[in-house]
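Asks: Dropping the structure in here first, questions after.
The values are calculated or read from the model by the stated rules, or taken from the named source; none is laboratory data. Note that the structure is predicted; figures quoted are calculated from it, not measured. For neighbour counting, all protein chains shown are included, and Cβ atoms are generated from backbone atoms with ideal geometry for every residue, glycine included.
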Amino acid sequence: MKSYVILISGRGSNMQSLIDAKLPGRCAAVISNRPEAAGLAWAAERGVPTVVVDHKAFPDRDAFDAALAAEIERHGPDLVLLAGFMRVLGRAFVERFEGRMLNIHPSLLPAFPGLHTHRSVLEAGIRIHGCTVHFVTASLDSGPVVVQAAVPVLQDDSESALAARVLAQEHIVYPQAARWFLEDRLSLVQGRVMLAGETSGNGTALRSPQG
Ligand code: GAR
């Protein structure tokens, strides 16, 4: 059976959606760079091994990256899933896991990389927002796109209402992408996303606020 490791930094709602999705693989570990991440308790309660690799315990990014990579490799996963993991990873780390590491980002990349995407979308006055699952490459919040979901931006939206609408879609598309990978249908070939057996494309339709 294939296995995967999930990296978190906080709440862990995407981690929950991945574990609840009963993917065709075993969750070998949930690893957090922050000991106080709320998602750790949720995973532990379900019998998933949890590990903290605290970035504050390391003198620099390279040392943290090396310890994190060693911890991941200890579990021998087929797939690494960044789920609200908020540390920038260095080139050596990313190259080590290239083609087997996915990330979820709360915007329609390449628009709105970085933090505070929902606020930036409201400030920009655009009408369509969403989320993106992508293979991780060395540059921040970029990399070959696997699947995206779009939501409307409503006239009276608050940052939190918009964030919740996007998050609901994150919880659909991320397990979908992970499932594709674990079923050997999704791969990265010479920098391009290959998805077997999907004739309708891998974007999802614009969803109404009701879903
Ligand atoms: C999610 O919205 C995820 O897309 C975002 O952080 C949130 C984590 O929530 N990730 C990024 O911004 C990565 N650049 P969660 O801990 O409840 O999954």
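Asks: What about Ser187, is it touching a residue at least 24 places away in the same chain (Cβ under 8 Å), small (Gly, Ala, Ser) and either more than 18 Å from Ile104 (Cα to Cα) or away from the ligand (no atom under 15 Å from the Cβ) (or both)?
Replies: yes
Asks: Separate question: State whether the residues of the stretch 162-182 include one that is of a type outside the set (Ser, Thr, Tyr), modelled with pLDDT under 95 and either surrounded by 12 or more Cβ atoms within 10 Å (Cβ to Cβ) or under 15 Å from the mean Cα position of the chain (by Cα) (or both).
Replies: The answer is no; no qualifying residue exists.
Asks: Working only within the stretch 74-97, note down all residues that are outside any loop (DSSP other than H, G, I, E, B), within 21 Å of Leu140 (Cα to Cα) and in contact with a strand residue (DSSP E or B) (Cβ under 6 Å, 6 or more places away or on another chain).
Replies: Listed by number, the residues that qualify are Leu79, Val80, Leu81, Leu82.
Asks: In this structure, is Phe135 away from the ligand (no atom under 15 Å from the Cβ) and under 20 Å from Ser187 (Cβ atoms)?
Replies: Against the criterion (away from the ligand (no atom under 15 Å from the Cβ) and under 20 Å from Ser187 (Cβ atoms)), Phe135 does not qualify.
Asks: Filter the stretch 41-73 down to the residues that are of a type in the set (Lys, Arg) and either over 21 Å from the mean Cα position of the chain (by Cα) or outside any helix (DSSP H, G or I) (or both) and list them by number.
Replies: Result: Arg46, Lys56.
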